[in-house]
There are 2 protein chains.
Amino acid sequence: MLRRMEQMKQPRVESVEKALSILEAFTKDRPAMTLTEISVETGLYKSNVSRLAASLERYGFLKRDPNRRFRLGPALWRLGALYRRNFELGESVRPVLRQLVRETGETASFYVPDQDERLCLYRENSPDPVRHHLDEGARLTMHSGAAGHVLAAFYLGDSKAKSRLGTDGSCVSQGERNPHISAVAAPVIDANGQFHGALAVSGPHERLGHDALAKARIAVLSSARDLSQSLA
Amino acid sequence: MLRRMEQMKQPRVESVEKALSILEAFTKDRPAMTLTEISVETGLYKSNVSRLAASLERYGFLKRDPNRRFRLGPALWRLGALYRRNFELGESVRPVLRQLVRETGETASFYVPDQDERLCLYRENSPDPVRHHLDEGARLTMHSGAAGHVLAAFYLGDSKAKSRLGTDGSCVSQGERNPHISAVAAPVIDANGQFHGALAVSGPHERLGHDALAKARIAVLSSARDLSQSLA
DNA sequence: AAAGATGTTGCGCAGAATGGAACAAATGAA
DNA sequence: TTCATTTGTTCCATTCTGCGCAACATCTTT
């Protein structure tokens, strides 16, 4: 829970990190918690949580539902939308994703680094009912999957990840994160050399065999180049 | 900036509120700030901001762009998406909004309370090029506009706002917040009596005259009832 | 180079944040 | 109903964190 806090002695503000760890404790499967649950989940004392939560609530980062359970507050959505707007990305990325879906028939996504994980920032799903489904906003590990390797290599500078990449920066994975899914990913880097994220196409390995993957790789690389253009 | 903190002596954690006020300082027009700018904007000392920001950054609530300026971080987007999912609202609201647009030809929106303001959670724009445009995620005052009055009445319990409402809870405004815009709004309340937000239709007052407004009012009220059903 | 910003670090003191227990309020069982 | 249990808040003494501020780095600009 408070893993990150226990580390080295960099400048930090303890109570702030405790408060943030409360927010962090909310997940898709745990969208509402009682004070005691939060206390257990974070390892903080109830009295402490009570006070931290009060501040979070005042600023709209938490709110209490009719049963007085805590839920995430509207301020998060406002700021989340703002964060998202920062990337003018969206406007450039979406059309590219749709184009990729049209070309490959599979699902296309755009991932960015989020701490030591990766965040699915944008996604266009395959029209096929049998497809690799995932919500925008979902977080996956950065240490597996084609897009994961690309991010690890370009963002973290992970040398093991680098070695998995082709000279063009692309990466292929088959059944890595999920045994039934294959994927291709490529980095998106603007004219200034700034790394933005990874473009990926993924689908069931029944459809994405050797040949289909090779085709998809070309498509992804080409799209990544297009994106680089429009970001310059 | 720190208005909210200076108030009464409720349980709170000062440094946490300072940190949150840093996040609050980000706006659409100020999506990136240097440390000094944040310091000025929040009234906090630079050294203080530096340390608070370090913690926010560790948890992904802030990040630094290539020029080392601060921007909102990906954690916000993740949590924002989670917040939003809490309302299964979206899935119920969107179709209703689209239906309203079809019926009235004007823009339809759904507002929820956010602190002492109102947040435009969902919006479907009129197909007409001349329309009342506003982004999802935008915040407006709760003290003017038809939807504002509805929220003030039902959420804050503001008696002045209540007096502006019809017996059906609906409210009409003409040129209140913006001289060229008229609007109608109605509360959305589920079967348990839980208030969820305000449904509104808005457009240029040239089109939304007496008759059109009356028609829109019927449509909004009917849609609000439909929504109440699907939330029960 | 020199001058101006901008960001970070060190330090001592004030007082904020905390743990723990006692208290209050809600829930549920009997 | 009353009693037991769980959940949340308030109080208080102690401690150590967070703070202001100045000095120190680190970049920009001229």
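The values are calculated or read from the model by the stated rules, or taken from the named source; none is laboratory data. Nothing here was measured: the structure is a model prediction, and the numbers come from that model. Virtual Cβ from ideal backbone geometry, glycine too; neighbours counted across all protein chains shown. Quick note on the areas: whole protein, heavy atoms, side chains included, nothing else; ligands and nucleic acids left out. Shrake-Rupley method; radii C 1.70, N 1.55, O 1.52, S 1.80 Å.
Annotations for the structure displayed:
- Each 5 Å bin from 0 upward holds the following percent of the Cα-Cα pairs of segment A:87-231: 2, 12, 23, 27, 22, 12, 3, 0.
- Compared with the dominant Cα axis of chain B, that is its longest principal axis, helix B:89-104 is turned about 50°.
- Solvent-accessible area, 1.4 Å probe, carbon plus sulfur percent, for the protein assembly as shown: 48
- Placing a label point 7 Å from the Cα of A:Arg98 along the Cα-to-Cβ direction, the distances to the matching points in the other copies come to 1.5 nm, shortest first.
- Efficiency of FRET between B:Arg102 and A:Thr27 - r from beta-carbon atoms, R0 60 angstrom, step 0.05: 0.95
- Candidates per trypsin sites (Lys or Arg not before Pro) in segment B:38-146, loop by DSSP, up to 12 other Cβ within 10 Å: B:Arg68
- Percent RCO, i.e. relative contact order, over segment B:12-81, from Cα pairs under 8 Å lying at least 6 residues apart: 29
- Compared with the dominant principal axis of the Cα atoms in chain A, helix A:210-231 is inclined by about 70°.
- Here is the interface size for B with A: some 5200 Å² of accessible area buried, both sides summed, with a 1.4 Å probe.
- Across the copies of the chain, B:Glu176 has label points (7 Å from Cα along Cα→Cβ) spaced 5.5 nm apart, shortest distance listed first.
- Under DSSP loop assignment and at most 14 Cβ neighbours within 10 Å, longest GluC sites (Glu not before Pro)-free interval of chain A: A:89-205
- Teacher prompt: B:Ala54 distances to equivalent labels in other copies, 7 Å Cα→Cβ, nm: 2.8
- Modelled spin-label separation between A:Gln174 and B:Gln229, with each label point placed 7 Å from Cα along the Cα-to-Cβ direction: 5.2 nm.
- Relative contact order %, segment A:80-132, counting alpha carbon pairs below 8 Å whose residues are six or more apart: 30
- Computed from backbone phi, the HN-Hα couplings of segment A:162-169 come to 4, 5, 7, 8, x, 5, 7, x Hz, rounded to whole numbers (Karplus: 6.51 cos²θ - 1.76 cosθ + 1.60, θ = phi - 60°; Gly and Pro given as x).
- The mean sequence separation of alpha-carbon pairs under 8 Å and at least six residues apart, normalised by the residue count of chain A, gives a relative contact order of 13 percent.
- The chain A residue nearest the rotation axis shared with chain B, using its Cβ and rounding the distance to whole Å, is A:Gly80, 1.
- For segment B:85-232, accessible area per residue (1.4 Å probe, heavy atoms of protein chains only), Å²: 46
- Under 5 Å, built H, 5+ apart or other chain: amide partners of A:Arg177: A:Gly145
- The protein assembly as shown shape via C-alpha gyration tensor axes, a/c threshold 1.5: oblate
- Solvent exposure of segment B:12-81 as accessible area per residue, Å², 1.4 Å probe: 39
- Segment B:6-57 and segment B:132-162: distance between their alpha carbon centers, rounded to Å: 27
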